[in-house]
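I have placed the structure first, in the form of structure tokens, so that the comments after it can refer back to it.
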Amino acid sequence: MIDFVFGGFGVFIRWIFVYKFNSKKMAEAYNSNIEKEGAKNNMAGLSLIPIAIIIGLIINYLDK
């Protein structure tokens, strides 16, 4: 379940920043390396956790 959630966020992030909204290029990469691309998506999704924590700490610090 957690792979599904973080993988979904990772796909969206990589579609925007890596593939620049190019769905054909993204499909070609997935067809050639399914497991490797899935792992990259999970890592991109998991990277949102520390980013969200850092942003939250900055907002909390600026409110004080």
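A few notes on this one:
- Filtering PHE4, PHE21, PHE12 for residues that are outside any helix (DSSP H, G or I), of a type outside the set (Lys, Arg) and open to solvent by 70 Å² or more (accessible area, probe 1.4 Å) leaves a single hit, PHE21.
- Complete set of residues in region 40-53 that are closer than 20 Å to PHE17 by Cα and either without any contact (Cβ under 8 Å) to a residue 12 or more places away in the chain or of a type in the set (Gly, Ala, Ser) (or both): ALA44, GLY45, SER47, ILE49, PRO50, ILE51, ALA52
- Flag for TYR61 being part of a helix (DSSP H, G or I), surrounded by 10 or more Cβ atoms within 10 Å (Cβ to Cβ) and among the hydroxyl-bearing types (Ser, Thr, Tyr): no
- Scanning region 24-51 for residues that are surrounded by 13 or more Cβ atoms within 10 Å (Cβ to Cβ) and not in a helix (DSSP H, G or I) returns a single hit, SER47.
The values are calculated or read from the model by the stated rules, or taken from the named source; none is laboratory data. Treat the numbers as computed from the prediction; the structure is a model and nothing was measured. All Cβ positions, even for glycine, are placed from backbone atoms using ideal geometry, and neighbour counts span all protein chains on display. To get the accessible areas, we keep the full protein, side chains included, count just its heavy atoms, and leave off ligands, DNA and RNA. Shrake-Rupley method; radii C 1.70, N 1.55, O 1.52, S 1.80 Å.
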